[in-house]
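Read through the structure below, which is laid out as structure tokens, and then see the notes.
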């Protein structure tokens, strides 16, 4: 008797499942469809603010980017989309500093995971929502993000050249510079 009961119980569950699926399908069948008329509606097209399309560097008002070439974004990229090329520059005070030379980004292999943006200590990266990135050749998807020419850093005021020592002071300087026996 219990096997007959189990049989009809499973048939009832199957019919219930079928009707639930058909209700979802029926609802979508009568819902009005919206067709985007792209590219004719570019001016009115609403793209969500959180849409991730292309990685970009942030620039300040003077044209300097915030990137300090630390390489954290490159290390955190799961598939090697980002490649930093750096150079060492000498500062006016004689110290050496690593500076960003090229920031290469491969849009074709990016998974848009946003690990580079969230781990950047300088908040130098962001995703734009410009979704039109179609190209005919894959190598055009590799982009240099720091394409703007970097403005020169302000140089410190040059020290005024010391006045030429008088002839009388010159022998005194020589006598102090000679080692004593």
**Message:** Being within 30 Å of residue 39 (Cα to Cα), modelled with pLDDT under 95 and touching a helix residue (DSSP H, G or I) at 6+ places or on another chain (Cβ under 6 Å): is that true of residue 138 here?
**Reply:** yes
**Prompt:** Quick one: residue 56 ticks every box in (1) free of Cβ contacts under 8 Å to residues at least 24 places away in the same chain; (2) out of contact with any helix residue (DSSP H, G or I) (no Cβ under 9 Å at 6 or more places or on another chain); (3) outside any loop (DSSP other than H, G, I, E, B) bar one, so which box is it?
**Reply:** (1)
**Asked** In the stretch 108-121, which residues are within 11 Å of the chain's Cα centre (by Cα) and either within 15 Å of residue 144 (Cα to Cα) or in a strand (DSSP E or B) (or both)?
**Response** 110
**Fill in**
Counting only residues in the stretch 87-112 that are in contact with a helix residue (DSSP H, G or I) (Cβ under 9 Å, 6 or more places away or on another chain) and without any contact (Cβ under 8 Å) to a residue 40 or more places away in the chain, the one nearest to residue 38 (Cα to Cα) is identified as 108
**Message:** Pull out all pairs, ordered by first then second residue, where Cβ-Cβ is under 6 Å, the residues are six or more apart or on different chains, the first lies in the stretch 127-148 and is on the phi > 0 side of the Ramachandran plot and assigned to a loop (DSSP other than H, G, I, E, B), and the second is surrounded by fewer than 14 Cβ atoms within 10 Å (Cβ to Cβ) and modelled with pLDDT of 85 or more.
**Reply:** none
**Request:** Have a look at 88, 75, 104 and point out the one that is more than 15 Å from residue 144 (Cα to Cα), touching a strand residue (DSSP E or B) at 6+ places or on another chain (Cβ under 8 Å) and not in a loop (DSSP other than H, G, I, E, B).
**Result:** 88
**Request:** Return the total of residues in the stretch 122-135 being closer than 19 Å to residue 103 by Cβ, surrounded by 12 or more Cβ atoms within 10 Å (Cβ to Cβ) and at pLDDT below 90.
**Result:** 1
**Prompt:** Which of the residues spanning the stretch 59-72 are assigned to a loop (DSSP other than H, G, I, E, B), within 17 Å of residue 98 (Cα to Cα) and either in contact with a helix residue (DSSP H, G or I) (Cβ under 7 Å, 6 or more places away or on another chain) or touching a residue at least 60 places away in the same chain (Cβ under 8 Å) (or both)?
**Reply:** 64, 67
**Message:** So in the stretch 30-59, with the set limited to residues that are more than 27 Å from the chain's Cα centre (by Cα) and modelled with pLDDT of 90 or more, which one is surrounded by the most Cβ atoms within 10 Å (Cβ to Cβ)?
**Reply:** 31
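The values are calculated or read from the model by the stated rules, or taken from the named source; none is laboratory data. Treat the numbers as computed from the prediction; the structure is a model and nothing was measured. Neighbour counts run over all protein chains shown; Cβ positions are idealised from the backbone, glycine included.
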